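Here the structure comes first, spelled out in C-alpha cells, and everything after it is commentary.
The numbers here are math on the coordinates, done by the rules we state, and not lab data. Everything quoted here is computed from the prediction, not taken from an experiment. A quick note on method: Cβ atoms are made from the backbone with ideal geometry, for glycine too, and the neighbour counts reach across all protein chains shown.
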Amino acid sequence: MKGIYKLAVVGVGKIARDQHLPAIAAQPGFELVACASRNASVDRVRNYRDIDALLAAEPSIDAVSLCAPPQVRYAQALAALEAGKHVMLEKPPGASVSEVAALQEIAQAHGCTLFASWHSRAASAVEPAREWLAKDAGAIRSVEVRWKEDVRRWHPGQQWIWEPGGLGVFDPGINALSIVTRVLPHEIALRGATLTTPSDTSTPIAAELDCVATNGAPVRAVFDWRHGPVEEWDIDIDTDAGRLSMREGGKRLSIAGKEIDLGREREYPALYEQFHALIETKASDVDVRPLRLVADAFLNGRRVETEAFGR
C-alpha cells in the first residue's frame, strides 16, 4: 500500500498558489500540514515565518517542497535534509550548480529523497517527442528554440530575478533547456552566448545561445523578456523524418506536419506523483543539465549592455 506523507510548503508566492497548492490537494499521497513564508499564509494549515520555525514545531512532517527564490533555497534545503526530510526543489534547483551537487551528497548521506523538479518536462508533448526522436526520427539536423514573453506580466515587481542567482531571462529560458535536454538523444555543449543586460540589473533581459549536440547538430536558442502581448514558447527540431514542433511550452506537438493528440495538461500534478514515487522507492532525481547550460552561458557569454529596465 502506498504511503501518505505529511508535507510542508516553504515559500508561498504566486507559483505556490497557482500551481503547487492545487496539485498537492489533488495528490492523495500527500497531506499538506504546514507552510512557511515571510509574508503570506495558507488557510487550514499551520503557518510559520521561516523553515527553521517550521522544522522545530513540526518534527513529524515527512517532506518539504521548496518554492522560494533560488538564492535562499540552498540553506532551506540543507536545513530540511539535515532534519531527515525529503525535499522537492522548484526550478531552478539552486542558484549554482555546486549548491545542487552538495545537496545531492547531503541527501544521500541522510537517506532522503532529493527531487530537482523541472515542470516543463511534465508538459504533455515532452515524452511523445522524446520517444519519436529516439525511435523514428533518424538523424537530428538542427534545433531552434524561441522562448519569449513579457517580464512585466510574468514577474511583476519581483526584484530577486534581477539579482545574482535570479537568472533573469533564464528563469523562463531554463524551462526550454529542460525540455531540450530531456527529448534529445544527444548531449549538448555550449559554444557561445550573448547576454543582453539592462544597465540597472545584474541578470540579462535577453539571451542568445549557440550550442552543439554531440552528433554535430546545431542547437540555437533565443530568450527575450521584452516580447508580447502573446508569448512565444516554441521548439523546432529538424530531422531526417521531418520537423518536430512543440508549441505553447509543450502543450502542443506536431510531427512532420501532423498535429498529435496529447490529452489534458497536468504538469504540476505529474511532478507530485513523481515526488511521491521517488520517496516510495527511496530514490532521488537530480538532473542539473539545464542549470549547467545556464551557468556555462554566464561563464562564456558576451555581455551587451542595454537601456535600464526601470523597475
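Could you state the number of Å between the C-alpha centres of region 166-209 and region 8-60? Region 8-60 and region 166-209 have Cα centres separated by 30 Å.
Which value at 222 nm does the chain reach when only helices count, each DSSP H run of 4 or more adding -39,500 (n - 2.57), with the total divided by all residues and rounded to the nearest 500 deg cm²/dmol? Before the final figure, lay out the partial values.
Values: 9 runs with 89 residues, N = 311.
Helices in the chain give a 222 nm mean residue ellipticity of -8500 deg cm²/dmol.
Comparing S117, S178, S96, which has the greatest mean-square fluctuation in the GNM of the chain with Cα pairs linked when under 10 Å apart? Greatest mean-square fluctuation among the candidates belongs to S96. Structural descriptor for the chain: relative contact order 20 percent, calculated from alpha carbon pairs under 8 angstrom and at least 6 residues apart. When +1 charges are put on Lys and Arg Cβ atoms and -1 charges on Asp and Glu Cβ atoms, the dipole computed for the chain relative to its Cα centre reaches about 280 debye.
Taken over the alpha carbons of region 139-294 as equal point scatterers, the Debye sum produces base-10 log I(q)/I(0) values at 0.17, 0.21 Å⁻¹ of -1.13, -1.40. Once the chain from E280 to A256 is taken as fully extended at 0.36 nm per residue, the excess over their C-alpha distance is 4.7 nm. For E90, E248, E305, the sequence from fewest to most other C-beta atoms within 10 Å is E305, E248, E90.
The Cα center of region 72-142 and the Cα center of region 276-306 differ in position by 8 Å.
Where does each of S37, S98, S120 land when they are ranked from fewest to most other beta-carbon atoms within 10 angstrom?
Lowest to highest Cβ neighbour count: S98, S37, S120.
Taking amide H as placed 1.01 Å from N in the peptide plane, R266 has its amide H under 5 Å from the amide H of S124, each at least 5 places away in sequence or on another chain. Working from the pairwise distances between different alpha carbons, so that the mean of 1/r is found and then inverted, what is region 1-78's Kirkwood radius in Å? Kirkwood hydrodynamic radius for region 1-78: 12.6 Å. The length gained on full extension between E105 and R292, counted as 0.36 nm times the residue separation minus their Cα-Cα distance, comes to 65.6 nm. Paramagnetic label reach from R49 (point 7 Å along Cα→Cβ; backbone nitrogen cut-off under 20 Å): within region 68-84, residues 68-69, 72-73, 75-77, 79-80. Close Lys pairs in the chain (alpha-carbon distance under 25 Å; sequence gap of 8 or more, or different chains): 18.
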